[in-house]
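Input: a single structure, listed below in structure tokens.
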Amino acid sequence: MALRKRKVSRIIERAKRRLEAASLIDSKHNSSIEYSGGDKLLTKKGFSDKILECENLINEYNAKLEEADSIGQRIAESEADLSDMHTAILAGAKSRFGLDSDEVKMLGGTRKSDRKKPLRKNIL
């Protein structure tokens, strides 16, 4: 059971399609074309490297989520065991000391004499 949604990147998929188009353009012109036209060099190689970096980061992120999911599952199981133990302790106190004992109240239960009596409503 996954506790968190995995990161899916539409940007990377779109970038891969553009990289394929850039590859076609480069092969059509028989050279590596520089696409930025400014101070920062932007080539197919740099674009490809950035795509790979993003994919690696997402893979690392997903691996950490898998680890967190595993720990979350162990926490849920541990809490369920703790809840069962709590119920068993309260039931044991009730059987050992009685339903109306102070020990039951000390353990967080409600003594039988402290329970509200249900009031019946007469419906006409």
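For the stretch 108-124, the set of residues classified as exposed (fewer than 10 other Cβ atoms within 10 Å of the Cβ) and part of a helix (DSSP H, G or I) consists of Ser113 only.
Here Ser31, Ser27, Ser48, Ser70 are screened, and the one residue that is more than 33 Å from the chain's Cα centre (by Cα) and assigned to a helix (DSSP H, G or I) is Ser27.
Taking every residue in the stretch 1-28 that is closer than 15 Å to Cys54 by Cα and pairing it with any residue that is at pLDDT below 70 and not in a helix (DSSP H, G or I), at least 6 positions away or on another chain, yields no pair with a Cβ-Cβ distance below 8 Å. Of all the residues in the stretch 25-55, those that are of a type outside the set (A, V, I, L, M, F, W, C) and closer than 15 Å to Ala15 by Cα number 10. The residues listed here are Ile12, Ile75; of these, the one that is part of a helix (DSSP H, G or I), modelled with pLDDT of 90 or more and in contact with an Asp or Glu (Cβ under 7 Å, 6 or more places away or on another chain) is Ile12.
Evaluate the following for Asp100: is it under 23 Å from the mean Cα position of the chain (by Cα) and either without any contact (Cβ under 8 Å) to a residue 40 or more places away in the chain or exposed (fewer than 11 other Cβ atoms within 10 Å of the Cβ) (or both)? No, not satisfied. All of (1) exposed (fewer than 14 other Cβ atoms within 10 Å of the Cβ); (2) in contact with a Phe, Trp or Tyr (Cβ under 8 Å, 6 or more places away or on another chain); (3) not aromatic (Phe, Trp, Tyr) hold for Leu19 with one exception: (1). Looking across Lys94, Lys64, Lys105, one residue alone is within 29 Å of Ile11 (Cα to Cα), of a type in the set (Lys, Arg) and part of a helix (DSSP H, G or I). It is Lys64.
The values are calculated or read from the model by the stated rules, or taken from the named source; none is laboratory data. Bear in mind the structure is a predicted one, so any value in this text is a computation, not a measurement. All Cβ positions, even for glycine, are placed from backbone atoms using ideal geometry, and neighbour counts span all protein chains on display.
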